[in-house]
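What follows is a set of notes on a single structure, which appears directly below.
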Amino acid sequence: MSIDRRNLMVLANFCAAAADAMSFTLMRTAHSAFVKETEDFTCQVISREGMAFANSSQFGAPWYGGIDYAPLLAMFDHYAEGDICITNDPYSGYVASHSPDIHIWKPVFHKEELVCFVVGHIHNTDVGGAVPASLSRSLTEIEQEGLRLPPVKLYDRGVLNDFVLEVIQTNVRMPEQNIGDLHAQVAAVNIGDAKMREIVERFGRDVFLSGVDQILDYAEAQARQILSGIPDGEYSFSDYIDEDSVGGPPCRVALTVRIAGDEAVLDFSGSDPQLKSSMNMPTGGRERHPLVLVGLTYVLYTLDNTLMLNAGTLRAARAILPEGTIVNCTRPAAVGMRSMTCLMTQIVTLGAFVQALPDLMPATSPGGNAILNVKTTGRNGRTVMASIGPVGGGGGGTPFNDGSDGAGGLHGFLRNTPLEISEADVPILFRRYGLARDTGGAGRYRGGLSTVMEFEVTTPSTVVTARNRNRSIMSSWGVNGGREGCLSQFHRNPDQPNAEFLGNTDVVHCDPGDVIRVIGPGAGGYGAPRTRPVAAVLQDLERGAISPAAAEADYGVLIVDGVIDEAATDRLRRGAGEEPGPIIVHGAARKAFETLWTAERYACLTAFLSEVPVEWRYFLKHKVFSAVAAQCDGAEVPRRMEAIFTDLRGAYRF
């Protein structure tokens, strides 16, 4: 049964409103700040087959907009009214992607017939494990990352399975918070169930089921139309996480995008092997796994913001995810910090499309936002733990505007937690929270400024965790002559004799009086900085976005006592913009690294590692890096790399 376009949009909006109602319920009843303030959650409606066709349009994380629950749905032989299922195991169906993400789903019936499911996830502040908040790059296997619930019915025909609650309470650090958030999730899907029953009753069973299929088809057609406007060809790009483990060498994520007509293939061959750290992505090799296609969704939406976002959007694309690599790890690899790698897949996707459409795509946002959590003893002597908010950079400069300051780009959906709430949750004292000067990449359109957070610890045995710390070594990049963003900073007791630079450390033990300062990495700029209008540079200075030194050095504008020296500025800017800048501008650390680790050298390494067992790859990568650092320059790359591989084959049996 076909539905006309007008009524199809009415149905789609009704279903999105149901997802919004779920989100309102979740936010208003959740216990943890990370759900009710930061909004790391999803609320969705999926088809009987598991395809997401309606998402909350106002709240939550957009990463799962194209999710496919089919592998989880198939793990149960039968669904009845009142059932609610739950899991957080990343290796059960590859839907949950790290242990803090609790997914639940509830079947919706109309006259005893299953018509759809209402689903959602939240990120729990803690699910037990080796470290507070459960996540650290130092963890090496998933068993260290806390509680894992295999798919199980939390409610069976409306009857609560108390044993599941007992398991959760026994294994987490803040059981009241976790159980409170779980009750909020249940309330949300119950609201979704009621709303969807009303919608099916209003439209009728046949119209509704046909409409679900057409909603997915409509999104697919939109995506194909956008892709058809991109020049056919291959576009390759790679970028790096600063370290593949604590103190390790960089971790490479590589991508080749192939556009042919209205289809796209995203080939991640050449990415690093799965790691002995927790930055692995558990995708199961599923070619439309939403986490590896988030970047594509962002690109398509940038080109057409009328795009309907659901699982149909991803049908026009597929990803190639070699097994045993960082984008398709195998059990028992740790996956808690998979969000850092997911961000890097988004960055390389943007980098590939920048080459296809340099006049339409923005510079990159940094992708290294620190999610800060504090665990300590409260004023009443009880253990307390809370997320105190993300600290990161803004959006990259665009071909038309400056990047947004403090938030935006890849992590723009995460909201800040008001300081008053954080100070009420945990006994810390905030000294500073705001925008950091001179952090956005210079450009005709400036990259967004980073945020800075500084607070004092007031109780003993305090643990601060800062997951997703990155961009302390390799900066975000600019486009069309725009400059790279600033590096991130993480200090204990800054500006003091005992000051300590913490780099990408993500677990810090603190004493009373210790001060923590975090400055997020900056976003890249767009266009040559010295073509930025002089008035805009002056305005940046007046509002504290840049310093007088940056105005002169980066933008060629000399400002003395708040007044532009026009003669000096003319001299500084002479010839600016006459030569086009490079399409992509990298920072010094990346340029230095790639003088040795060229694309040719990486191709040799990738071919070698692909031939050895998965469990050997991380070890051998590190051995190769050590050998290259000791033996190689830029000449005769294939011969010298093969000599290293031959030595390793002789030294080890693999």
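Could you tell me which residue of region 197-247 is farthest from V265 (Cα to Cα), considering only residues that are aromatic (F, W, Y) and open to solvent by less than 40 Å² (accessible area, probe 1.4 Å)? Spell out how you get there, then give the answer.
Residues of region 197-247 that are aromatic (F, W, Y), as a first pass: 203, 208, 218, 235, 237, 240.
Keeping just the survivors that are open to solvent by less than 40 Å² (accessible area, probe 1.4 Å) gives 208, 235, 237, 240.
Numbers: F208: 32, Y235: 11, F237: 14, Y240: 21 Å.
It comes out as F208.
Taking the criterion of being open to solvent by 20 Å² or more (accessible area, probe 1.4 Å) and over 20 Å from S32 (Cβ atoms), the residues of region 167-196 that qualify are A194, K195.
Taking the criterion of being crowded, with 19+ Cβ neighbours inside 10 Å and either without any contact (Cβ under 8 Å) to a residue 40 or more places away in the chain or in contact with a Ser or Thr (Cβ under 7 Å, 6 or more places away or on another chain) (or both), the residues of region 302-321 that qualify are L309, T313, L321. Of the candidates E49, E81, the single residue that is of a type in the set (D, E), more than 20 Å from the chain's Cα centre (by Cα) and closer than 20 Å to L314 by Cα is E49.
A single member of T313, T283 is within 26 Å of S57 (Cα to Cα), in contact with a Leu (Cβ under 9 Å, 6 or more places away or on another chain), of a type in the set (S, T, N, Q) and assigned to a loop (DSSP other than H, G, I, E, B), and it is T283. Annotation for region 340-355: no member residue is touching a residue at least 12 places away in the same chain (Cβ under 8 Å) and in a loop (DSSP other than H, G, I, E, B).
Identify all residues within region 142-166 that are under 28 Å from the mean Cα position of the chain (by Cα) and either of a type in the set (V, I, T) or loosely packed, with under 14 Cβ neighbours inside 10 Å (or both); write none if there are none.
The initial filter retains those residues of region 142-166 that are under 28 Å from the mean Cα position of the chain (by Cα), namely 142-152.
Correct list: I142, E143, P150, V152.
Sort through G270, G295 and tell me the only one that's in a helix (DSSP H, G or I) and either of a type outside the set (F, W, Y) or in contact with a Lys or Arg (Cβ under 8 Å, 6 or more places away or on another chain) (or both).
Values: G270 fails: in a helix (DSSP H, G or I).
Matching residue, one of G270, G295: G295.
The condition (being more than 17 Å from the chain's Cα centre (by Cα), of a type in the set (F, W, Y) and on the phi < 0 side of the Ramachandran plot) is satisfied by just one residue among Y298, Y240, Y235: Y235.
Can we say G229 is modelled with pLDDT of 95 or more and at positive phi? Show your work before the answer.
Values: modelled with pLDDT of 95 or more: yes; at positive phi: no.
In short, no.
Residue count for region 1-29 under the criterion of being over 26 Å from the mean Cα position of the chain (by Cα), open to solvent by 10 Å² or more (accessible area, probe 1.4 Å) and under 25 Å from Y79 (Cβ atoms): the result is 3.
The criterion of being out of contact with any helix residue (DSSP H, G or I) (no Cβ under 9 Å at 6 or more places or on another chain) and free of Cβ contacts under 8 Å to residues at least 40 places away in the same chain does not hold for D206.
Of all residues in region 486-517, count the ones that are touching a Pro at 6+ places or on another chain (Cβ under 7 Å) and charged (D, E, K, R). Before the answer, list the steps.
Our first condition is that a residue be touching a Pro at 6+ places or on another chain (Cβ under 7 Å); within region 486-517, this holds for 486-488, 511-512, 515, 517.
Those still in the list that are charged (D, E, K, R) too: 511, 517.
Total meeting the criteria: 2.
The values are calculated or read from the model by the stated rules, or taken from the named source; none is laboratory data. The structure presented is a predicted model; accordingly, all values stated were derived computationally and were not measured. Here Cβ is always computed from backbone atoms with ideal geometry, including for glycine, and neighbour counts include all displayed protein chains. We work out accessible area using only protein heavy atoms, side chains counted, and drop any ligands, DNA or RNA first. Shrake-Rupley method; radii C 1.70, N 1.55, O 1.52, S 1.80 Å.
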